[in-house]
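Note sheet for the following structure.
The values are calculated or read from the model by the stated rules, or taken from the named source; none is laboratory data. These numbers were taken from a predicted model, which means no experiment stands behind them. Glycine gets a Cβ as well: all are built from the backbone with ideal geometry, and neighbour counts include every protein chain shown.
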Amino acid sequence: MKPLFVLLILFTLLLGVTKCFTGKVNVHRSGRLALAGMLVFTSMGHFLYTEGMSLMVPPWVPARASLVYISGAWEIIAAIGLLSPRWREFTAVLLIVFFLLVLPLNIYAAFLQVDYEAANYQGRGLAYLWFRVPFQFFLIGWVYIFVLVGRSSNKVASVPFTEKED
(Lines give C-alpha, C1' and ligand atoms only; values in the text may rest on other atoms or scores of the structure.)
Protein backbone atom coordinates (compact mmCIF):
# COMPACT_ATOMS: atom_id res chain seq x y z
CA MET A 1 0.00 0.00 0.00
CA LYS A 2 2.93 2.34 0.57
CA PRO A 3 3.65 2.71 -3.17
CA LEU A 4 0.03 3.67 -3.83
CA PHE A 5 0.15 6.38 -1.18
CA VAL A 6 3.49 7.67 -2.49
CA LEU A 7 2.10 7.79 -6.03
CA LEU A 8 -1.11 9.60 -5.09
CA ILE A 9 0.55 12.04 -2.69
CA LEU A 10 3.22 12.95 -5.24
CA PHE A 11 0.60 13.35 -7.96
CA THR A 12 -1.51 15.66 -5.80
CA LEU A 13 1.50 17.73 -4.73
CA LEU A 14 2.74 18.05 -8.30
CA LEU A 15 -0.67 19.19 -9.49
CA GLY A 16 -0.68 21.87 -6.81
CA VAL A 17 2.88 22.99 -7.48
CA THR A 18 2.31 23.36 -11.22
CA LYS A 19 -0.90 25.28 -10.55
CA CYS A 20 0.90 27.66 -8.17
CA PHE A 21 3.84 28.36 -10.48
CA THR A 22 2.24 28.31 -13.92
CA GLY A 23 -1.46 28.87 -13.34
CA LYS A 24 -2.11 25.64 -15.22
CA VAL A 25 -2.13 22.01 -14.27
CA ASN A 26 -0.25 19.63 -16.52
CA VAL A 27 -1.95 16.38 -15.58
CA HIS A 28 0.17 14.10 -17.75
CA ARG A 29 3.48 15.60 -16.63
CA SER A 30 2.38 15.38 -13.00
CA GLY A 31 1.36 11.75 -13.54
CA ARG A 32 4.72 10.90 -15.12
CA LEU A 33 6.70 12.63 -12.38
CA ALA A 34 4.65 10.96 -9.64
CA LEU A 35 5.21 7.56 -11.25
CA ALA A 36 8.95 8.25 -11.53
CA GLY A 37 9.04 9.18 -7.84
CA MET A 38 7.13 6.05 -6.88
CA LEU A 39 9.52 3.89 -8.91
CA VAL A 40 12.53 5.36 -7.12
CA PHE A 41 10.76 4.73 -3.80
CA THR A 42 9.93 1.11 -4.64
CA SER A 43 13.40 0.45 -6.05
CA MET A 44 14.85 1.11 -2.60
CA GLY A 45 13.08 -2.00 -1.34
CA HIS A 46 15.04 -4.12 -3.80
CA PHE A 47 18.30 -2.98 -2.21
CA LEU A 48 17.13 -2.82 1.42
CA TYR A 49 15.18 -6.10 1.45
CA THR A 50 17.08 -8.19 -1.09
CA GLU A 51 16.98 -11.37 0.99
CA GLY A 52 13.23 -11.17 1.52
CA MET A 53 12.49 -10.20 -2.07
CA SER A 54 14.58 -13.16 -3.21
CA LEU A 55 12.02 -15.38 -1.45
CA MET A 56 9.42 -14.05 -3.89
CA VAL A 57 11.28 -15.71 -6.78
CA PRO A 58 10.88 -19.49 -7.23
CA PRO A 59 13.95 -21.47 -6.11
CA TRP A 60 14.49 -22.95 -9.58
CA VAL A 61 15.31 -19.46 -10.92
CA PRO A 62 19.11 -18.96 -10.79
CA ALA A 63 20.72 -15.90 -9.21
CA ARG A 64 17.60 -14.73 -7.42
CA ALA A 65 19.35 -11.98 -5.45
CA SER A 66 20.93 -10.67 -8.65
CA LEU A 67 17.51 -10.61 -10.27
CA VAL A 68 16.19 -8.54 -7.35
CA TYR A 69 19.06 -6.07 -7.76
CA ILE A 70 18.52 -5.91 -11.52
CA SER A 71 14.80 -5.24 -11.13
CA GLY A 72 15.55 -2.50 -8.58
CA ALA A 73 18.02 -0.92 -10.97
CA TRP A 74 15.43 -1.24 -13.76
CA GLU A 75 12.94 0.75 -11.69
CA ILE A 76 15.47 3.58 -11.31
CA ILE A 77 16.29 3.48 -15.03
CA ALA A 78 12.56 3.50 -15.84
CA ALA A 79 12.05 6.54 -13.58
CA ILE A 80 14.76 8.36 -15.53
CA GLY A 81 13.32 7.14 -18.84
CA LEU A 82 9.92 8.61 -17.97
CA LEU A 83 11.57 12.02 -17.64
CA SER A 84 13.17 11.85 -21.08
CA PRO A 85 10.92 12.83 -24.00
CA ARG A 86 13.09 10.69 -26.27
CA TRP A 87 12.76 7.50 -24.18
CA ARG A 88 9.37 8.07 -22.53
CA GLU A 89 7.19 5.91 -24.80
CA PHE A 90 9.71 3.07 -25.00
CA THR A 91 10.05 3.14 -21.22
CA ALA A 92 6.26 3.09 -20.83
CA VAL A 93 5.91 -0.04 -22.96
CA LEU A 94 8.72 -1.76 -21.03
CA LEU A 95 7.11 -0.74 -17.73
CA ILE A 96 3.81 -2.31 -18.75
CA VAL A 97 5.65 -5.53 -19.65
CA PHE A 98 7.56 -5.34 -16.35
CA PHE A 99 4.35 -4.92 -14.34
CA LEU A 100 2.85 -7.93 -16.11
CA LEU A 101 5.98 -10.04 -15.53
CA VAL A 102 6.20 -9.35 -11.79
CA LEU A 103 2.53 -10.10 -11.20
CA PRO A 104 3.06 -13.91 -11.15
CA LEU A 105 5.91 -13.40 -8.68
CA ASN A 106 3.60 -11.45 -6.39
CA ILE A 107 0.98 -14.19 -6.65
CA TYR A 108 3.62 -16.84 -5.94
CA ALA A 109 4.85 -14.86 -2.91
CA ALA A 110 1.31 -14.47 -1.59
CA PHE A 111 0.70 -18.22 -1.73
CA LEU A 112 3.93 -18.77 0.22
CA GLN A 113 3.04 -15.94 2.65
CA VAL A 114 6.34 -14.17 2.01
CA ASP A 115 7.03 -11.16 4.20
CA TYR A 116 9.83 -9.59 2.19
CA GLU A 117 10.68 -6.99 4.84
CA ALA A 118 11.23 -9.67 7.51
CA ALA A 119 12.60 -12.22 5.00
CA ASN A 120 10.32 -14.99 6.26
CA TYR A 121 7.16 -16.89 5.35
CA GLN A 122 4.83 -15.22 7.84
CA GLY A 123 3.33 -12.54 5.61
CA ARG A 124 -0.28 -11.66 4.86
CA GLY A 125 -0.68 -14.49 2.37
CA LEU A 126 -3.58 -14.46 -0.05
CA ALA A 127 -5.08 -11.36 1.57
CA TYR A 128 -2.14 -9.50 -0.01
CA LEU A 129 -3.54 -10.30 -3.45
CA TRP A 130 -6.73 -8.31 -2.80
CA PHE A 131 -4.53 -5.24 -2.98
CA ARG A 132 -1.63 -6.32 -5.17
CA VAL A 133 -3.46 -7.65 -8.24
CA PRO A 134 -5.71 -4.58 -8.68
CA PHE A 135 -2.71 -2.35 -7.94
CA GLN A 136 -0.67 -3.94 -10.77
CA PHE A 137 -3.48 -3.21 -13.23
CA PHE A 138 -3.88 0.27 -11.75
CA LEU A 139 -0.17 0.90 -12.46
CA ILE A 140 -0.55 -0.38 -16.02
CA GLY A 141 -3.49 1.97 -16.50
CA TRP A 142 -1.50 4.82 -14.96
CA VAL A 143 1.35 4.28 -17.41
CA TYR A 144 -1.07 4.10 -20.31
CA ILE A 145 -3.01 7.23 -19.35
CA PHE A 146 -0.23 9.49 -18.14
CA VAL A 147 2.54 8.43 -20.50
CA LEU A 148 1.16 6.88 -23.67
CA VAL A 149 -2.10 8.86 -23.96
CA GLY A 150 -0.34 12.04 -22.85
CA ARG A 151 2.23 11.78 -25.66
CA SER A 152 0.17 13.34 -28.42
CA SER A 153 0.43 16.95 -27.30
CA ASN A 154 0.96 19.12 -24.30
CA LYS A 155 -2.08 21.16 -25.27
CA VAL A 156 -4.30 18.26 -24.29
CA ALA A 157 -2.35 17.69 -21.10
CA SER A 158 -2.42 21.29 -19.87
CA VAL A 159 -5.64 22.33 -18.24
CA PRO A 160 -6.04 26.00 -17.37
CA PHE A 161 -7.84 26.63 -14.13
CA THR A 162 -9.79 29.82 -13.73
CA GLU A 163 -11.66 30.82 -10.66
CA LYS A 164 -15.34 31.60 -11.17
CA GLU A 165 -16.26 34.94 -9.82
CA ASP A 166 -19.42 35.08 -7.73
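Brief remarks follow.
- Close pairs (7 angstrom Cβ cut-off, 6 or more residues apart or separate chains): closer than 23 Å to Ile96 by Cα in the stretch 122-139, of a type in the set (Val, Ile, Thr) anywhere: Leu129/Ile107
- The stretch 1-23: number of residues that are farther than 18 Å from Gly141 by Cβ and surrounded by fewer than 14 Cβ atoms within 10 Å (Cβ to Cβ): 8
- Residues of the stretch 111-166 that turn out to be at pLDDT 90 or above and either in contact with a Gly (Cβ under 6 Å, 6 or more places away or on another chain) or not in a helix (DSSP H, G or I) (or both), as a count: 13
- Cβ-Cβ under 6 Å pairs, at least 6 apart or on other chains, the stretch 76-104 side within 18 Å of Val40 (Cα to Cα), far side in a loop (DSSP other than H, G, I, E, B): Gly81/Trp87
- When restricted to residues that are over 10 Å from Tyr116 (Cβ atoms), surrounded by fewer than 19 Cβ atoms within 10 Å (Cβ to Cβ) and of a type in the set (D, E, K, R), the stretch 42-79 contains 1.
- Qualifying residue in the stretch 27-39 (condition: over 26 Å from Leu101 (Cα atoms), of a type outside the set (Ser, Thr, Tyr) and touching a strand residue (DSSP E or B) at 6+ places or on another chain (Cβ under 8 Å)): yes
- Condition met for Gly52 (farther than 24 Å from Val147 by Cα and modelled with pLDDT under 95): no
- At least 3 residues being of a type in the set (Gly, Ala, Ser) is the threshold, and among the helices (runs of 4 or more DSSP H) wholly inside the stretch 1-67 those reaching it are 27-48.
- In the stretch 1-33, the residue that is modelled with the lowest pLDDT out of those that are under 26 Å from Ile107 (Cβ atoms) and of a type outside the set (Val, Ile, Thr) is Met1.
- Checking each residue in the stretch 80-120 for being surrounded by fewer than 17 Cβ atoms within 10 Å (Cβ to Cβ), within 17 Å of the chain's Cα centre (by Cα) and among the small types (Gly, Ala, Ser) picks out only Ser84.
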